[in-house]
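Following: one structure in structure tokens, then a few remarks.
The values are calculated or read from the model by the stated rules, or taken from the named source; none is laboratory data. This is a predicted model, so every value here is computed, not measured. Cβ placement follows ideal geometry from the backbone for every residue including glycine, while neighbour counts extend to all protein chains displayed.
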Amino acid sequence: MSEQRRLIIRGGRRIEGEIAVQGAKNSALPLLAAAVLCRGETELYNCPKLSDCDAACRILSALGCSCKREGSVVCIDASALRTSEISEKLMREMRSSIIFMGALLGRAGQCRLSFPGGCEIGSRPIDFHLDAFRKMGAKIREEHGYIVCTAQKLKGAKISFPVPSVGATENVMLAAVLAEGTTEIHNAAREPEICDLAEYLTRCGAKIKGAGTGTIHIEGVKRLSGCRYTVMPDRIAAATYLCCGAITRGEILLTQADLPSLGLVVPVLEQIGCSIYGFGNGSVYLNARKTLKAPSQIRTAPYPGFPTDAQPPMMALCATLPGTTMFAETVFENRYRHVSELTRLGAKIKVEGRVAVVEGVNRLSGAELEAGDLRGGAAMVTAALFAEGTTGIGHICYINRGYENIEGCLRSVGADIRTV
């Protein structure tokens, strides 16, 4: 079991070489759910081999869909959908399982599922999702720990979110593409993964305008057909590997990457002193051989702000830079669970509420650590590459939820890393 396995990392080796960036976890999951809406087969290319994607495929199979993987290609045929209920066991495997609610409501007019599981990084209430579905005509009740939604026919509505929510925006998009009339989503999330979902649905026959802006217009259609689609590159995995290159003062080339989707990660790395370039062939190059210094402040925010998912590995990097960095976490209130583990390595970090002050040190020492969530685990891997001696990281099941073969990728660019 991955829960019993550990990553063993001997730090102090410079990262040098090339890594092909995996498909985006945060895009693949809603795309897999969206396949439920389609008649005929969907072929998803560049679908990452992750435990969360495996969980989504198990949900699809349990719903009656044909779901097969060959390498990085997943083929889904939802023509024979036989149920709209997802068991508690399957729902608890990942937080993003809630995305199936919109897809099942849109396809079957009903769904029954329990509250989802996932990383405990803070409250991620689904009130926005449920309120939006009610405005579209769904009736919702709770029974014995399950959420039961029914709608004879969903109707387009004007949906306005108090704050942008990626999951709620995606769920409403999935519910709206087959609804009667037009749906407007105001204060919509603008993340690149939203655009990827909209592009896939459009190729399947949906009518969507405004994805990537604060207002999305969706005109319902009667039918969607499957298509071939390539999942976008994973911008958070890319940001993590760039931090790994920078913390070892190394040099790294990412292929199959997308520089624009990295957003504010790039100017922060440049402020630190890294040289970073993008090429037209989808490659991103980073050189951290120059003298680096700590950025003064990093504030997470919904896209196009600095991504909360990139905050933990960036904090690990800043913990090794001369100077002081103040982190302000505005998205999740429990996003600093990795701090106590980084301090075991010798990092100097003080947390007060949603603010963390990081005082850079010139030396970290290996220690035994336990990952408590996906991105916190990535921060520990990043820091361990710099630390002197050997670091062991347990509960790597969390890391495997979002990084495809992180061990092999880092070993290929010079890291001393293995699983035991």
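Candidates 201, 174, 197, 178: the one that is closer than 17 Å to residue 104 by Cα, in a loop (DSSP other than H, G, I, E, B) and in contact (Cβ under 8 Å) with a residue 24 or more places away in the chain is 178.
This table checks each residue for (1) modelled with pLDDT under 95; (2) of a type outside the set (A, V, I, L, M).
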position	(1), (2)
251	no, yes
261	no, yes
273	no, yes
280	yes, yes
290	yes, yes
310	no, no
314	no, no
318	no, yes
331	yes, no
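For the range 198-231, enumerate the residues that are under 16 Å from residue 258 (Cα atoms) and crowded, with 22+ Cβ neighbours inside 10 Å. Once the filter is applied, which keeps residues that are under 16 Å from residue 258 (Cα atoms) and crowded, with 22+ Cβ neighbours inside 10 Å, the range 198-231 yields only 231. Note on the range 68-77: residues that are assigned to a strand (DSSP E or B) and without any contact (Cβ under 8 Å) to a residue 12 or more places away in the chain total 2. Residue 391 - would you say it is assigned to a strand (DSSP E or B), surrounded by 19 or more Cβ atoms within 10 Å (Cβ to Cβ) and outside the structural domain of residue 49 (by TED's automatic domain parsing)? The answer is yes for residue 391. Here the condition is being outside the structural domain of residue 288 (by TED's automatic domain parsing) and under 30 Å from residue 259 (Cβ atoms); of 49, 89, 68, it holds for 49 alone. Yes or no: residue 369 surrounded by 21 or more Cβ atoms within 10 Å (Cβ to Cβ), touching a strand residue (DSSP E or B) at 6+ places or on another chain (Cβ under 9 Å) and either more than 30 Å from residue 72 (Cα to Cα) or of a type in the set (D, E, K, R) (or both)? It is true that residue 369 is surrounded by 21 or more Cβ atoms within 10 Å (Cβ to Cβ), touching a strand residue (DSSP E or B) at 6+ places or on another chain (Cβ under 9 Å) and either more than 30 Å from residue 72 (Cα to Cα) or of a type in the set (D, E, K, R) (or both). Close contacts from the range 387-403, counting a first residue that is among the hydrophobic types (A, V, I, L, M, F, W, C) and a second that is surrounded by fewer than 18 Cβ atoms within 10 Å (Cβ to Cβ), with Cβ to Cβ under 6 Å and a gap of 6+ residues or different chains, come to 387/365; 396/2; 396/5; 397/2; 397/3.
For the range 163-182, a residue qualifies if it is of a type outside the set (Val, Ile, Thr), surrounded by 24 or more Cβ atoms within 10 Å (Cβ to Cβ) and closer than 18 Å to residue 332 by Cβ, and the qualifying residues are 168, 170. Taken over the range 316-355, the residue count meeting the criterion of being out of contact with any Pro (no Cβ under 6 Å at 6 or more places or on another chain), outside any loop (DSSP other than H, G, I, E, B) and touching a residue at least 12 places away in the same chain (Cβ under 8 Å) is 15. Among the candidates 388, 359, the residue that is among the acidic types (Asp, Glu) and farther than 21 Å from residue 250 by Cα is uniquely 359.
Can you find even one residue in the range 339-351 that is in contact with an Asp or Glu (Cβ under 8 Å, 6 or more places away or on another chain) and under 25 Å from residue 234 (Cβ atoms)? Yes - at least one qualifying residue is present in the range 339-351. Exactly one residue among 10, 39 is of a type in the set (D, E, K, R), buried (at least 17 other Cβ atoms within 10 Å of the Cβ) and over 21 Å from the mean Cα position of the chain (by Cα), and that residue is 10.
Specify the residue that is surrounded by the most Cβ atoms within 10 Å (Cβ to Cβ); the eligible residues are those in the range 24-36 that are touching a Phe, Trp or Tyr at 6+ places or on another chain (Cβ under 8 Å) and not β-branched (Val, Ile, Thr).
Out of the qualifying residues, it is 34.
Going through (1) in a loop (DSSP other than H, G, I, E, B); (2) crowded, with 21+ Cβ neighbours inside 10 Å one by one, residue 313 falls short only on (1).
Candidates 208, 147, 216, 140: the one that is closer than 30 Å to residue 87 by Cα, among the aliphatic types (A, V, I, L, M) and touching a residue at least 24 places away in the same chain (Cβ under 8 Å) is 147.
Residues that are in a strand (DSSP E or B) and in contact with a helix residue (DSSP H, G or I) (Cβ under 7 Å, 6 or more places away or on another chain) were ranked within the range 234-255; the one that is surrounded by the fewest Cβ atoms within 10 Å (Cβ to Cβ) is 251.
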